[in-house]
1. Averaged over B:67-76, how many beta carbons belonging to a partner chain fall within 10 Å of each residue's beta carbon?
2. May I ask for the Rg/Rh ratio of the stretch A:331-439, computed from Cα atoms with Rh as the Kirkwood radius, given to two decimals?
3. With +1 on the Cβ of every Lys and Arg and -1 on the Cβ of every Asp and Glu, and nothing else charged, how large is the dipole of the stretch A:333-392 about its Cα centre, in debye rounded to the nearest 20?
4. Between the stretch A:231-252 and the stretch B:33-100, what's the alpha-carbon centroid distance in Å?
5. How well do other chains shield peptide A:474-486, expressed as the mean number of their Cβ atoms within 10 Å of each residue Cβ?
6. Provide, as a two-decimal number, the C-alpha radius of gyration of the stretch A:12-319 over 2.2 N^0.38 Å, N being how many residues it has.
7. Rounded to the nearest 0.05, what FRET efficiency do A:Trp89 and A:Gln461 have when you use their Cβ-Cβ distance and R0 = 60 Å?
8. Can you compute 3J(HN,Hα) from phi for each residue in the stretch B:74-82, using the Karplus curve 6.51 cos²θ - 1.76 cosθ + 1.60 with θ = phi - 60°, rounded to whole Hz and x for Gly and Pro?
Amino acid sequence: MTATTSEPLLTFEDAIATFDPVMGFEVHVELNTLTKMFCGCPTEFGAPPNTQVCPVCLGLPGALPVVNEKAVESAIRIGLALGCSIAEWSRFARKNYFYPDMPKDFQTSQYDEPIAVNGALAIVVPTEDGPRPVTVGIERAHMEEDTGKILHVGGATGRIHGADYSLIDYNRAGVPLIEIVTKPIEVEPALAPAVARAYVTELRELIVALGVSDAHMHQGSMRVDANVSLKPRGRVELGTRTETKNVNSIRSVERAVRFEIQRQAAVLQAGETIIQETRHFHESDGSTTSGRIKEEAEDYRYFPEPDLTPIVPESAWIERLRATLPEPPLKRRARIREEWGISEHEMQSLINAGALELVQQTVALGADSADARKWWTGEIARISNERGLDVAALPITPQDVHRIIMLTIEGSLNDKLARQVIEGVLAGEGNPDEVVVSRDLAVVSDDGALLEAIDTALAQQPDVAEKIRGGKVQAAGAIVGAVMQSTGGMADAARVRELILERVGDSLG
Amino acid sequence: MPALDRDDVAHLARLSRLQLSDAELDHFGEQLDVILSAVARVAEVAADDVPPTTHAVPVVNVTRPDVIVACLPREDVLAGAPAAEDDRFRVPRILDEEEQ
Ligand SMILES: [Zn+2]
């Protein structure tokens with residue numbers, strides 16, 4: 001990978017030849033409750049600024065927070081799905097810091113008494129030698145609230161440095177968040193970036209299966225902070241870590257980890273030390289740059305939140321929630337593999353393309369799984385790669401893809417035209433039917449027009465016509481090609497072949 | 001109970017973004033000492049059989065259903081803001097810390 005940064009990098013291969021990376025992830029998931037964590041304000045995304053706020057989430061004097069029961073249930077279900085123990089006694093705490101994204105000047109979070117502790121998530125990591133099972137330890141999952149959105153005004157970059165002042169929308173302040181923290185992850189060094197990606201992918205799938213969040217990384221309803229440290233091979237104690245914040249796609253998680261390994265290795269190799277700091281990830285070139293130094297910022301002076309009561313879940317409640325857990329994604333994938341008759345490798349490429357759910361939804365609409373996989377992992381995945389986006393972030397839906405498949409089965413589109421329809425849908429030209437009409441993309445199904453083109457092609461290539469007559473059916477390919485060319489690709493190749501053989505047969509008869 | 005030294009007070013002031021002179025640091029340090037020693041006296045009274053608590057009454061699991069309640073009208077919300085612009089709270093520029 002090339003990255004434009006002023007900081008020196010080792011190649012990934014050189015980095016892992018000397019150092020063992022240790023990773024940790026903090027993933028914030030915005031719950032899809034109707035209301036905020038501690039007040040009845042709606043959580044709907046995209047409302048006009050400061051229209052979803054009240055005395056509680058504005059931190060006005062005398063306002064008293066009350067916990068959203070549904071949010072606690074979601075937290076417990078996430079904990080259970082991650083194999084965690086649910087705390088018999090759990091409390092909220094104030095995390096004090098001085099920053100205007102929280103009007104209270106503290107964030108209500110959980111500190112030493114989180115709702116869920118000590119679990120594990122089984123993942124499968126694609127490697128050159130095939131899929132490798134890895135278990136990622138989960139340290140804890142705790143409840144907290146999201147912060148407001150700050151807009152920096154003035155300066156050239158829209159970033160805080162050089163800004164003249166800042167504007168704040170508190171609609172998001174108080175939206176329920178679950179933070180899921182892993183234990184340190186130490187794997188075969190070469191696999192670290194792939195493990196990072198597989199963990200976030202698996203976790204996201206679990207969250208979506210639980211139905212507790214839409215977990216859209218590009219919209220920020222799932223946000224990943226990636227901790228990376230290196231230690232010289234053979235050393236036991238952990239090195240100094242950096243925390244790369246808000247990595248906003250599954251692909252970026254992998255890139256950010258890889259970059260930090262390369263960067264830190266260069267620093268350590270040069271005999272310098274790693275600074276404990278937050279770093280910012282840049283989508284454009286996959287690099288990270290220094291943010292704030294962590295030391296002081298971590299002095300949050302946590303103390304138990306006096307305005308909220310402890311959460312002491314009864315075991316009957318926990319068991320009731322356990323009964324609502326979905327089939328674990330790993331098991332579900334094994335079942336789907338069987339249903340669709342695909343290999344683990346094919347399943348992995350579906351997951352890597354971020355397309356499993358989309359294919360499933362397309363199949364649920366009535367499409368054949370092979371057709372659905374072909375389009376989502378073919379043309380659509382190709383475009384998403386080109387644009388550096390997750391497939392799910394592209395403006396094309398399972399409904400669109402299902403319709404395109406139906407149109408190809410009906411014979412009114414061939415693959416080439418279907419690709420143009422996809423292009424049109426992605427360009428915002430409407431649904432597939434609208435794109436077919438506006439771009440005039442239906443295949444030439446008029447046999448008369450096709451026969452005319454076939455006759456012309458046969459006349460131009462009499463030697464080929466002769467071969468076909470002589471029984472060399474595969475020679476018809478050259479005529480099919482000529483007809484496809486003369487119709488501008490708007491013919492159904494299978495139908496053209498049929499007509500050629502009929503035509504030559506007729507002339508024989 | 002060890003007294004707070006000036007560095008502790010300076011650190012707390014920095015976390016609260018307060019700029020204090022040396023004289024003020026000493027002054028507030030003395031005041032904080034008084035508060036801390038008062039709390040320490042309470043701690044002396046609490047024997048081992050008195051568990052620490054953050055609530056006067058033993059109440060747990062007070063929750064509310066996930067039901068939307070009316071918000072404040074935006075005029076009222078922003079009426080309390082020191083400054084507003086584009087329907088948002090306007091704050092002076094924030095230095096030395098990065099955005100979330
Ligand atoms: Zn509110």
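1. On the way: counts 5, 9, 8, 4, 14, 10, 1, 6, 0, 2.
Counting other chains' Cβ atoms within 10 Å and averaging over B:67-76 gives 6.
2. Values: Rg = 13.5 Å, Rh = 14.0 Å.
Answer for the stretch A:331-439: 0.97.
3. On the way: 7 positive and 10 negative charges, 15 e Å.
The calculated dipole for the stretch A:333-392 is roughly 80 debye.
4. Here the answer is 33 Å between Cα centres.
5. Working: counts 0, 0, 0, 0, 0, 0, 0, 0, 0, 0, 0, 0, 0.
That works out to 0 on average.
6. Numbers: Rg = 19.8 Å, N = 308, 2.2 N^0.38 = 19.4 Å.
Normalised Rg, Cα atoms only: 1.02.
7. Numbers: r = 84 Å, r/R0 = 1.40.
With a Förster radius of 60 Å, E is 0.10.
8. 4, 4, 5, 4, 7, 4, x, 7, x
Just so you know, all these numbers are worked out from the coordinates, no wet-lab data involved. Please read these numbers as outputs of a predicted model, since none were measured by experiment. Cβ sites come from the backbone with ideal geometry, for glycine too, and all protein chains shown count toward neighbours.
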